[in-house]
Amino acid sequence: TGAALMALTAGAALAEGETVGFSQIGSESGWRAAETTLTKSQAEERGIQLQFSDAQQKQENQIAAIRSFIAQGVDAILLAPVVATGWDAVLEEAQEAEIPVVLLDRQVDSSDELILTAVGSNLVHEGEVAGGWLVNEVGDRECRIVELQGTTGSSPAIDRKTGFENAIKDHVNLSIVRSQTGDFTRAQGKEVMESFLQAENGGKDICALYAHNDDMAVGAIQAIKEAGLAPGKDILVVSIDGVPDIFQAMAAGEANATVELTPNMAGPAFDALAAYWADGTMPEKFIQTESKLYTQADDPAAEYEARKGLGY
Ligand code: GZL
């Protein structure tokens, strides 16, 4: 919850003088911006020198940044991998240089021998929670669903789709009739939703939108309104992240449910690194953050207040 996020610095393990390179995907969503803000503030709190690189959502820029961190001889590398494949070579180079790599918020297909640990949510579970909410909400009613997928080839796009499909597979009245990537951004979420609305009888044949993140849902909500329909009523809206703007939409009755993803991935990452630097303590290979469902019944206006200004 918002309060938990505010307790970030409680018990922050110090690591005076260490230098960490952070290869961040970009700033494609409000959630990503919050993760960057919190990583920088956590580094500050702990006396860590952070070298920050924004890859503009391009894997080649991330690989170049990691190589430059290796050349600099940093004490650790944080990597939020834009896609799941293509990391073996550069992760082997980091291992050769004996620089520990910690993954944030997304997974890679490479062997986990090549990373110190990965901090993130159970992405399949998030999709299952979102799908489970919709199953309960519609009951036996026929429900044609459109899906806005995250960045193609990213672990959240793959796993959130799997989880949602797991949740609805035994309910023949629910079906995904259109599914396309909106690349986790508001602009593309709006654009793709406009095409879904046109293709589905002006949106009259759409019962629900499942968006892999809130930013695409917020863009889609705009498109639904411009099509003369009521988001949250004519078309149910369920998404993932828990950014302030989705709570604002919920409070206005324009969105129905979100699965919260904490943007504080750096806290657990820096804690694991502090222990590793101190005495070689090896963390678990996956440090899971919690996923919590919020609906209109959970005082969305208060949740908005608790999160706004946290760097989203
Ligand atoms: C999920 C994370 C996703 C967020 C999006 O762990 O990688 O990336 O859900 C962001 O908002 O673009």
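The values are calculated or read from the model by the stated rules, or taken from the named source; none is laboratory data. This one's a predicted model, so the numbers in the text were calculated from it and none came from an experiment. Reconstructed Cβ throughout: ideal geometry from the backbone, glycine too, with neighbour counts over all protein chains shown. Side chains are part of the model used for accessible areas, which takes the heavy atoms of the whole protein and leaves out ligands, DNA and RNA. Shrake-Rupley method; radii C 1.70, N 1.55, O 1.52, S 1.80 Å.
Checking the structure you have, find out if any residue of region 200-216 is assigned to a loop (DSSP other than H, G, I, E, B), within 16 Å of the ligand (Cβ to nearest atom) and surrounded by 17 or more Cβ atoms within 10 Å (Cβ to Cβ).
Here is the first cut: in region 200-216, the ones assigned to a loop (DSSP other than H, G, I, E, B) are 200, 204-207, 212-213.
Remaining after also requiring within 16 Å of the ligand (Cβ to nearest atom): 212-213.
So of that shortlist, the ones also surrounded by 17 or more Cβ atoms within 10 Å (Cβ to Cβ) come out as 212-213.
Checked against the condition, which is being assigned to a loop (DSSP other than H, G, I, E, B), within 16 Å of the ligand (Cβ to nearest atom) and surrounded by 17 or more Cβ atoms within 10 Å (Cβ to Cβ), region 200-216 yields at least one hit.
Identify, by number, the condition in (1) farther than 25 Å from PHE164 by Cα; (2) open to solvent by less than 60 Å² (accessible area, probe 1.4 Å); (3) at pLDDT 95 or above that THR258 doesn't meet.
Answer for THR258: the failing condition is (1).
Could you check region 93-110 and list, in sequence order, the residues that are open to solvent by less than 10 Å² (accessible area, probe 1.4 Å) and more than 16 Å from the ligand (Cβ to nearest atom)?
Narrowing region 93-110 to residues open to solvent by less than 10 Å² (accessible area, probe 1.4 Å): 94, 101-104, 106.
Those that are open to solvent by less than 10 Å² (accessible area, probe 1.4 Å) and more than 16 Å from the ligand (Cβ to nearest atom): ALA94, VAL101.
Mind listing whichever residues of region 222-243 are open to solvent by 10 Å² or more (accessible area, probe 1.4 Å) and assigned to a helix (DSSP H, G or I)?
Correct list: GLN222, LYS225, GLU226.
Mind checking whether some residue in region 113-122 is touching a Phe, Trp or Tyr at 6+ places or on another chain (Cβ under 6 Å) and within 16 Å of the ligand (Cβ to nearest atom)?
The answer is yes, given that some residue of region 113-122 is touching a Phe, Trp or Tyr at 6+ places or on another chain (Cβ under 6 Å) and within 16 Å of the ligand (Cβ to nearest atom).
With respect to the numbered conditions (1) under 22 Å from ALA84 (Cβ atoms); (2) in contact with a Phe, Trp or Tyr (Cβ under 6 Å, 6 or more places away or on another chain), which one is the sole condition not fulfilled by ARG178?
Condition not satisfied by ARG178: (1).
So for region 246-254 (the condition being without any contact (Cβ under 8 Å) to a residue 60 or more places away in the chain, closer than 25 Å to VAL177 by Cβ and of a type in the set (Gly, Ala, Ser)), does at least one residue qualify? Lay out the reasoning, then the answer.
To start, the set of residues in region 246-254 that are without any contact (Cβ under 8 Å) to a residue 60 or more places away in the chain comprises 246, 248-254.
Filter again for closer than 25 Å to VAL177 by Cβ, leaving 246, 249-250, 253-254.
Still in the list and also of a type in the set (Gly, Ala, Ser): 249, 253.
Scanning region 246-254 turns up at least one residue that is without any contact (Cβ under 8 Å) to a residue 60 or more places away in the chain, closer than 25 Å to VAL177 by Cβ and of a type in the set (Gly, Ala, Ser).
With the condition kept exactly as written, say whether any residue in region 111-120 is in contact with a Gly (Cβ under 9 Å, 6 or more places away or on another chain) and surrounded by fewer than 18 Cβ atoms within 10 Å (Cβ to Cβ). Even if it seems obvious, please write down each step before you answer.
Within region 111-120, the first condition is being in contact with a Gly (Cβ under 9 Å, 6 or more places away or on another chain), and the residues that meet it are 119.
Subsequent filtering for residues that are surrounded by fewer than 18 Cβ atoms within 10 Å (Cβ to Cβ) retains none.
Scanning region 111-120, I find no residue that is in contact with a Gly (Cβ under 9 Å, 6 or more places away or on another chain) and surrounded by fewer than 18 Cβ atoms within 10 Å (Cβ to Cβ), so the answer is no.
Do you know which residues across region 150-165 are open to solvent by less than 60 Å² (accessible area, probe 1.4 Å) and either in a loop (DSSP other than H, G, I, E, B) or away from the ligand (no atom under 16 Å from the Cβ) (or both)?
Selection gives GLY150, THR151, GLY153, SER154.
Does GLN57 count as surrounded by fewer than 23 Cβ atoms within 10 Å (Cβ to Cβ), farther than 22 Å from THR185 by Cβ and at pLDDT 95 or above?
Details: surrounded by fewer than 23 Cβ atoms within 10 Å (Cβ to Cβ): yes; farther than 22 Å from THR185 by Cβ: no; at pLDDT 95 or above: yes.
Answer is no for this residue.
Only one of these is more than 12 Å from the ligand (Cβ to nearest atom) and not in a strand (DSSP E or B): GLU137, GLU126, GLU147. Name it. Even if it seems obvious, please write down each step before you answer.
On the way: GLU126 fails: more than 12 Å from the ligand (Cβ to nearest atom); GLU147 fails: not in a strand (DSSP E or B).
Just a single option satisfies the conditions, and that option is GLU137.
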